[in-house]
Amino acid sequence: MDQTLTVSRIGIVGGGFMGSGIAESAARAGVDVTVHEPERQPLDRSQRRIEQSVARAVKGGKLDDAEASALRERIAWTTAFDDLGGCDVVIEAVVEDIAVKGPVFQRLDALLPDAILASNTSSIPIAQIGSWTTDPERVLGLHFFSPVPVMKLVEIVVGLDTDSEVVARAEAFAQQIGKHPIRTKDRSGFIVNMLLVPYLMAAVRMVEEGFASREDIDDGMKLGAGHPMGPLTLCDFIGLDVLYAVSDSLYEEFKQPEYAPPPLLKRMVVSGHHGRKTGRGFYEYPG
């Protein structure tokens, strides 16, 4: 790899499930990581989440004790935004709401005049995010997939104003941390969700209409199409709240009925049935 493209330190704004996974993947590849949250409690959760993931990797023989120790030492957690200063790349992984993401990029733009500024958004246009900065040429999407330490794909989302050199550096960074980058234009859903969401929404409509049971729908796609998991299990794994936001964004952009979230999905989300993370979605998850 061209050493001029090698990233030595990244920042991550947001220590949730995705932010923690990105931090672990980068640290495992030898990159120093600073994770920021404005409060200590979510940082503690992030640290516990990574500790549990690393412990599983050691138990499974994917890391030895020395590698695990080095990984932990490469990650710093902070509540001070200014601690992100000096990063080569900063990846925003906060909630999927431009009212939250926008001010983050405004602050990053002022703090880091030369860094690549990336969003892990799955649905918000990069052009809209970049409009919160004075230099949208260095803003792009780095859309990771869950669980990040396992999933190899990263979508490189090229905004209307994103500079080609920034795209090349972002692709090199993805490869540096062991990911496979694919390039996509800045449209809602990018490549994967634009193809995946209509499929998942069709499965939800089948349940809503009583067309087939959840088990038969999932078994049909696993045993008939060779999918590793059925669509309703996948919905629960992604998170129904996240899926609703993505499908709603796709529908708003394209106004095509296959992207529209069915009423059942909205009812489940507002009732707090978000899938595996809440213990109940299309299936139940005790404990």
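A quick yes/no check of all residues on (1) among the hydrophobic types (A, V, I, L, M, F, W, C); (2) within 16 Å of S146 (Cα to Cα); (3) assigned by TED's automatic domain parsing to the domain that holds F145; (4) at pLDDT below 95:
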residue	(1), (2), (3), (4)
D218	no, no, no, no
M221	yes, no, no, no
A225	yes, no, no, no
P231	no, yes, no, no
L234	yes, yes, no, no
S249	no, no, no, yes
P257	no, no, no, no
P262	no, no, no, no
E284	no, no, no, no
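So T78 fits all but one of (1) touching a strand residue (DSSP E or B) at 6+ places or on another chain (Cβ under 6 Å); (2) at pLDDT below 95; (3) polar (S, T, N, Q); what number is the exception? For T78, the exception is condition (2). Among the residues examined, E258 qualifies as exposed (fewer than 15 other Cβ atoms within 10 Å of the Cβ), assigned to a helix (DSSP H, G or I) and touching a residue at least 40 places away in the same chain (Cβ under 8 Å).
Selection over segment 160-182 of residues that are exposed (fewer than 14 other Cβ atoms within 10 Å of the Cβ) and either under 15 Å from the mean Cα position of the chain (by Cα) or not assigned by TED's automatic domain parsing to the domain that holds V89 (or both) gives a count of 1.
Hey, any hits in segment 189-212 for a residue that's outside any helix (DSSP H, G or I), closer than 28 Å to E252 by Cβ and in contact (Cβ under 8 Å) with a residue 40 or more places away in the chain?
Checked against the condition, which is being outside any helix (DSSP H, G or I), closer than 28 Å to E252 by Cβ and in contact (Cβ under 8 Å) with a residue 40 or more places away in the chain, segment 189-212 yields at least one hit.
Quick one: is P181 of a type outside the set (K, R) and assigned to a strand (DSSP E or B)? First the steps, then the outcome.
Numbers: of a type outside the set (K, R): yes; assigned to a strand (DSSP E or B): yes.
Criteria met by P181.
One residue stands out among those in segment 186-204 that are in contact with a helix residue (DSSP H, G or I) (Cβ under 8 Å, 6 or more places away or on another chain) and surrounded by fewer than 19 Cβ atoms within 10 Å (Cβ to Cβ): the one that is farthest from L264 (Cα to Cα), which is R187.
Taking segment 226-255, which residues are in a loop (DSSP other than H, G, I, E, B) and either in contact (Cβ under 8 Å) with a residue 12 or more places away in the chain or acidic (D, E) (or both)? Give the steps one after another, and end with the answer.
Step one: list which residues in segment 226-255 are in a loop (DSSP other than H, G, I, E, B), which gives 226-230, 239, 255.
Hits for segment 226-255 are G230, G239.
Among the residues of segment 135-160, those that are more than 30 Å from E258 (Cβ to Cβ) and part of a loop (DSSP other than H, G, I, E, B) comprise D135, P149.
For segment 131-149, name all the residues that are of a type outside the set (D, E, K, R), without any contact (Cβ under 8 Å) to a residue 40 or more places away in the chain and surrounded by fewer than 24 Cβ atoms within 10 Å (Cβ to Cβ). Break it down into steps so the answer makes sense when it comes.
Step one: filter segment 131-149 for residues of a type outside the set (D, E, K, R), giving 131-134, 136, 139-149.
This time we only want the ones that are without any contact (Cβ under 8 Å) to a residue 40 or more places away in the chain, so: 131-134, 136, 139-140.
Within segment 131-149, S131, W132, T133, T134, P136 meet the criteria.
Of the residues F105, F17, only one is modelled with pLDDT under 95 and closer than 24 Å to G239 by Cβ; which?
Values: F105 fails: modelled with pLDDT under 95.
The conditions single out F17.
Of all residues in segment 1-51, those that are within 19 Å of the chain's Cα centre (by Cα) and among the polar types (S, T, N, Q) total 5.
Restricting to segment 127-159, and then to whatever is among the aromatic types (F, W, Y) and within 18 Å of the chain's Cα centre (by Cα), can you tell me which residue is nearest to I116 (Cα to Cα)? It comes out as F144.
The set of residues in segment 221-246 being acidic (D, E) and crowded, with 23+ Cβ neighbours inside 10 Å consists of D236 alone.
The values are calculated or read from the model by the stated rules, or taken from the named source; none is laboratory data. These numbers come from a predicted model, not from an experiment. All Cβ positions, even for glycine, are placed from backbone atoms using ideal geometry, and neighbour counts span all protein chains on display.
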